[in-house]
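The values are calculated or read from the model by the stated rules, or taken from the named source; none is laboratory data. The structure displayed is predicted, hence computed values, not measured ones. Cβ coordinates were reconstructed from backbone atoms using ideal geometry, including for glycine residues, and neighbour counts include every protein chain displayed.
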């Protein structure tokens with residue numbers, strides 16, 4: 001109270017001036033009705049303008065909240081759309097390969113479609129990364145192929161990704177069969193010695209075997225990561241080795257490792273049962 005009284009005393013001249021100004025203004029309005037109406041209309045317009053500005057400000061912040069909400073919903077729809085596109089691509093990929101598989105193999109094997117996340121083809125030991133891992137049922141040593149042929153074998157994995165040691169890797173070796181004019185021959189080991197990512201070497205084939213250019217190479221019965229008969233490539237050149245009674249065969253691989261984008265992982269549902277049988281022999 002004391003502080004208020006001190007302010008009134010200190011500024012009493014200004015306060016009296018304001019009071020007298022409003023008093024005079026009111027007298028003028030009372031004497032002249034026209035001026036009173038104009039002043040009231042001006043005051044009314046000022047109030048209405050203030051209300052309009054307040055409403056605009058309120059609507060702006062409300063629209064901002066609504067816009068933020070719509071933006072979040074739009075992001076959610078985009079995410080759902082991308083997920084549906086991804087699932088549709090996987091379904092199309094699976095259908096594409098599934099039609100190539102026999103009914104007996106469908107019952108025994110499970111096929112996991114995957115997308116290539118990373119690849120290389122110009123290193124001594126080339127690998128690719130697929131977007132499937134432990135959470136999708138993938139384990140080490142599973143075979144990987146696509147509609148063009150064998151890709152490689154799972155060598156490492158995490159919960160959501162796996163690494164595939166491809167055929168164009170100096171550590172890769174794969175038992176093969178050769179389809180010749182005389183039938184399927186169960187022999188040969190496929191290796192990669194560097195150089196072109198399109199070719200590999202087939203060794204261990206005796207030179208008494210009748211082979212021809214264009215003969216097809218497939219997976220062997222004893223290829224534990226694959227079932228028999230998955231295409232690998234075709235013979236494009238061969239010659240007899242001087243140091244042994246066998247051929248050195250150049251194979252054109254079916255898979256284009258430079259442009260590979262999708263693959264299928266093979267899961268053998270009877271593998272543990274088969275391994276137990278081998279161990280008990």
Inspect all residues belonging to segment 152-164 and state whether any of them is over 33 Å from the mean Cα position of the chain (by Cα) and either without any contact (Cβ under 8 Å) to a residue 24 or more places away in the chain or surrounded by fewer than 22 Cβ atoms within 10 Å (Cβ to Cβ) (or both).
-> no
With respect to residue 201, is the statement that it is part of a strand (DSSP E or B), in contact with a strand residue (DSSP E or B) (Cβ under 7 Å, 6 or more places away or on another chain) and surrounded by fewer than 17 Cβ atoms within 10 Å (Cβ to Cβ) true? yes
Residue 148 fails exactly one of (1) closer than 26 Å to residue 272 by Cβ; (2) touching a strand residue (DSSP E or B) at 6+ places or on another chain (Cβ under 8 Å); (3) touching a residue at least 24 places away in the same chain (Cβ under 8 Å); (4) surrounded by fewer than 18 Cβ atoms within 10 Å (Cβ to Cβ), namely (1)
* To do: State yes or no: is residue 118 part of a strand (DSSP E or B) and either modelled with pLDDT of 90 or more or over 14 Å from the mean Cα position of the chain (by Cα) (or both)?
  => yes
Within segment 180-198, of all residues that are buried (at least 17 other Cβ atoms within 10 Å of the Cβ) and at pLDDT 85 or above, the one farthest from residue 125 (Cα to Cα) is 188
query: If you check residue 212 against the conditions, is it in the same structural domain as residue 152 (by TED's automatic domain parsing) and over 38 Å from the mean Cα position of the chain (by Cα)?
result: yes
The condition of being surrounded by fewer than 16 Cβ atoms within 10 Å (Cβ to Cβ), in contact (Cβ under 8 Å) with a residue 40 or more places away in the chain and more than 29 Å from the chain's Cα centre (by Cα) holds, among 207, 171, 245, only for 207
